[in-house]
Amino acid sequence: MSLHSLADQLFDGENLEFSPAIFGSPSRYIQAPRLFSKCGEILSSLGYSNVAVMASLRSQQTEASSAIRSIETAGIAVEISTFGGECSFEEIEKHTKRLAGGQHPLDAVVAIGGGKVVDAGKCVAARLGIEVIILPSLASNDGPCSALSVIYDNNGSVESAEVFNVNPRVVMVDTEVIARAPVRYLVAGIGDALATWFEARACAENPRGKTVLGGRPTLAGTAMGKLCADTIFEYAIGAISAVQNKRSSIALEKVVEANILLSGIGFESGGVAASHAFANAFSRISEMHKSFLHGEMVAVGILSQLALEDDEQEAQQVAEFFAEIGLPTTLTQIGLSNHLDDMQSLANATADIPFLQNMPIDDLSAEALLAALAAADARGTRINAASGADAYRALHSN
C-alpha cells in the first residue's frame, strides 16, 4: 500500500480539524562540478557494495562512463542495465526481471541520465525492494528528488504515474555535466520549476488543497516553492549564459538547485494545481510529446493559470520573463492550435484532471478554462510580436 493510500485509510471518516500534512525528500542531496567522477567514494561511504547502474547506451559512452568508473574504482560491484529510451511498463518489467535474477543481491539501483531513465530507475528499485540513487544528467525537470514516476506507453504518451513510499536515498548532481548539456533543457527546467511556486501558493490558499503525497501542503513545501521562484527570477539569465558558454558558475549552481531540489521538494510537499493540469491536457495531444519538453508545456500552463487567477500585472511580468529566456508563451509555440474549437477541446481535457481542484477558485468550468487559455495565448502573442520571440527561436533553431 502506498503512503498516499495509507494516509486516506488511516484518517478516513475521522472528524479532523486539519487533514494530515506529509513532507517528503531524498535522504541526501549533493551538488558540485565533476561530482560523477567522485560518486563511487560517496556510495562506498554509505555502505553500498553491489549496485545496478541503469543508463542509456549513449550515456554509458559519455557522462555515465565517469560515474561507472568511479563506482568500480571504489570496489563496488556494478551490473550494467541498458535503458531502452522509454519509461514504459514493458521497459520497467524487463529491467526488473533481469536484475532480480542476478547472482548476488543488489543494494541499490543507480539511475544516470534524463527524466525517463530516472523515473524508470525508481520503478525498478521499488519493484526489487531496494534503494534508488539518482544521478541526473539534465536540469530539465524536478523529478530526481521526488517519490513519483511518470509512466509512458511505447509511443511516448503519458499512460500512468506511480507514487512510492520513499524518496531516492541519494541525489547527486554534477553541474559540469549540466553545463555541457543543450541550454534548451535548462530553460525547460526553469519552466517546470517556476510552476512550483504558483501551484504551491494556490494549494496553500485552498483549505481542501492536497499534495501528491496525499496530505495537505506543508509550510516547508510552500516556502521552498517561493525560494525556488525567487532564485530563478534573480539568477536565470546568468545560468543560461553559463550553459551557453559550457561552463559552471554561481548562477548556474543556484538555478540547478532550484530546478532539481527546491522544485522537487516544493511540488511534492507543496502541491500541484492548474499549471500542470493544463500541461497534462497539452501532453495528451498525439505526437506533441516528441517535439516539446515537459517544462515547455508547463510554461504555457503557468501563463494559463495566471490568466485564470486574473492577475494581469503578474501574468504580464511572467510572460515577458518567459519570452526573454526563450520559454514558449503561446499555444502555437508548443505545437498546438489556438483555434476556438481546439482550445475548447484543451479546456475540456483540463477540466477532467483531478489536481485542477487544488485551485482556490470557485469557477473551474470548461468555459472559465477556455477563457484563461485564450487570454494567455493572446498575451503571449502580443509579447512575441513586440520582442520577435528571438530567444525562443534561438533555442528551437537546431
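The values are calculated or read from the model by the stated rules, or taken from the named source; none is laboratory data. Just so you know, these numbers come straight off a predicted model, no measurement behind them. Reconstructed Cβ throughout: ideal geometry from the backbone, glycine too, with neighbour counts over all protein chains shown. Accessible surface areas use protein heavy atoms only, side chains included; no ligands, DNA or RNA. Shrake-Rupley method; radii C 1.70, N 1.55, O 1.52, S 1.80 Å.
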Answer from S160, S146, S70, S137 - the residue that is small (G, A, S) and more than 19 Å from R28 (Cα to Cα): S160
Looking at the structure I just gave you, is I151 surrounded by fewer than 24 Cβ atoms within 10 Å (Cβ to Cβ), in contact (Cβ under 8 Å) with a residue 24 or more places away in the chain, in a strand (DSSP E or B) and of a type in the set (A, V, I, L, M)? yes
H276: open to solvent by less than 50 Å² (accessible area, probe 1.4 Å) and modelled with pLDDT under 95, yes or no? no
Being crowded, with 16+ Cβ neighbours inside 10 Å and either part of a helix (DSSP H, G or I) or touching a Pro at 6+ places or on another chain (Cβ under 6 Å) (or both) narrows it down to one residue among L373, L327, L336; which is it? L373
Taking segment 344-367 and keeping only residues that are surrounded by 15 or more Cβ atoms within 10 Å (Cβ to Cβ), more than 14 Å from A273 (Cα to Cα) and either among the small types (G, A, S) or at pLDDT below 95 (or both), one is left with S345, A347, A349, A366
What number of residues within segment 64-85 satisfy the criterion of being touching a strand residue (DSSP E or B) at 6+ places or on another chain (Cβ under 7 Å) and either on the phi > 0 side of the Ramachandran plot or surrounded by 18 or more Cβ atoms within 10 Å (Cβ to Cβ) (or both)? 8
Pairs with Cβ under 7 Å, 6+ apart, first in segment 107-124 and under 18 Å from S25 (Cα atoms), second open to solvent by 10 Å² or more (accessible area, probe 1.4 Å) and among the aromatic types (F, W, Y): A108/Y48; K122/F164
Let me confirm something: among K94, K116, which residue is within 15 Å of the chain's Cα centre (by Cα) and open to solvent by 40 Å² or more (accessible area, probe 1.4 Å)? K116
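Okay, residues lined up against (1) surrounded by 24 or more Cβ atoms within 10 Å (Cβ to Cβ); (2) more than 25 Å from T329 (Cβ to Cβ):
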| site | (1), (2) |
| --- | --- |
| A204 | no, yes |
| G270 | yes, no |
| R284 | no, no |
| G295 | yes, no |
When you go through (1) open to solvent by 50 Å² or more (accessible area, probe 1.4 Å); (2) under 27 Å from the mean Cα position of the chain (by Cα); (3) more than 29 Å from E257 (Cβ to Cβ); (4) of a type in the set (G, A, S) one by one for S88, which number turns out not to apply? (1)
